[in-house]
1. Select from segment 226-253 the residues that are out of contact with any helix residue (DSSP H, G or I) (no Cβ under 8 Å at 6 or more places or on another chain), more than 16 Å from the ligand (Cβ to nearest atom) and in contact (Cβ under 8 Å) with a residue 60 or more places away in the chain and list them in ascending order.
2. Across segment 196-225, what is the number of residues that are in a strand (DSSP E or B) and more than 10 Å from the ligand (Cβ to nearest atom)?
3. Give segment 106-126 a look and list any residue that's more than 16 Å from residue 147 (Cα to Cα) and either modelled with pLDDT under 95 or in contact with a helix residue (DSSP H, G or I) (Cβ under 9 Å, 6 or more places away or on another chain) (or both), or say none.
4. Within segment 178-188, which residues are out of contact with any helix residue (DSSP H, G or I) (no Cβ under 9 Å at 6 or more places or on another chain) and within 12 Å of the ligand (Cβ to nearest atom)?
5. Taking segment 205-224, which residues are out of contact with any helix residue (DSSP H, G or I) (no Cβ under 7 Å at 6 or more places or on another chain) and surrounded by 19 or more Cβ atoms within 10 Å (Cβ to Cβ)?
6. Any idea which of (1) surrounded by fewer than 21 Cβ atoms within 10 Å (Cβ to Cβ); (2) assigned to a loop (DSSP other than H, G, I, E, B); (3) modelled with pLDDT of 90 or more is the one residue 247 doesn't satisfy?
7. Do we find a residue being without any contact (Cβ under 8 Å) to a residue 40 or more places away in the chain and part of a helix (DSSP H, G or I) anywhere in segment 126-143?
Ligand code: AKG
């Protein structure tokens, strides 16, 4: 099963973290409570369930800012899948706009803002640990947009065995996923091509490396292919935060990751 990283056990787990990024492109994290408390994860999950129960007319107000960032109703192609989202969680105005579109109560708004701030903090903490593990303590990932998406899977008895989300890689640098605490279905592909189930593990989070992570690291970090399969007839809800890439500049590997033995493999 996927590697497990204890955030409170650093620098001891530094080389394990880099191994996980290179060989799996994903890992579970434990002990993130000082940055994203498990009580906030539970509150956020409750808010997310309530938002999905809003009438369709209201959910449709959550328009795209970039392709696919807003409301996605179940469709003929993806009948089991529904999503809401916003383009940049690190931007307070974007978070406010999302809350206003969905008539969020003051309590819901507060929870979403706290969650957004905690996720941004956790992204920076994980990136710092990764760059230190790579021997690059001084790189900065500040001011990169962080897309947010909440997913609901309407899994029914007839749907068991069918696809919730097709096999894909995430396009950004890093994804933090709060998967469903009891309903499984997520699978990640190992480098061998074999899919491995990511079983639910309450109060932990899954981290994925995306395409930009691979480009930034000159191929060193692995972008993980993954999919969601309907395994049981239960509603499944997940919360995904995607750190994208630099706003206005091309992604470039730090010079330390390019040398004669590791020539640059992506052209900006
Ligand atoms: C995505 O949002 O890109 C996913 O792959 C969702 C995974 C999940 O719902 O567990």
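1. Passing the criteria: 246, 247.
2. So the first thing to find is which residues in segment 196-225 are in a strand (DSSP E or B), and the list is 196-197, 205-209.
Retained after the next criterion (residues that are more than 10 Å from the ligand (Cβ to nearest atom)): 196-197, 205, 207, 209.
Looking only at that region, the number is 5.
3. Across segment 106-126, the qualifying residues are 107, 108, 109, 111, 126.
4. 179, 183, 184, 185, 186, 187, 188
5. Listed by number, the residues that qualify are 205, 206, 208, 210, 212, 213, 214, 215, 216, 224.
6. Evaluating residue 247 over (1) surrounded by fewer than 21 Cβ atoms within 10 Å (Cβ to Cβ); (2) assigned to a loop (DSSP other than H, G, I, E, B); (3) modelled with pLDDT of 90 or more leaves (3) as the failure.
7. yes
Matching residues to (1) within 15 Å of the ligand (Cβ to nearest atom); (2) under 21 Å from the mean Cα position of the chain (by Cα):
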position: 87; (1), (2): yes, yes
position: 91; (1), (2): no, yes
position: 101; (1), (2): no, no
position: 124; (1), (2): no, yes
position: 127; (1), (2): no, yes
position: 130; (1), (2): no, yes
position: 149; (1), (2): yes, yes
position: 163; (1), (2): yes, yes
position: 176; (1), (2): yes, yes
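The values are calculated or read from the model by the stated rules, or taken from the named source; none is laboratory data. Nothing here was measured: the structure is a model prediction, and the numbers come from that model. Methodologically, a virtual Cβ is constructed for each residue, glycine included, from the backbone with ideal geometry; neighbour enumeration extends over all protein chains shown.
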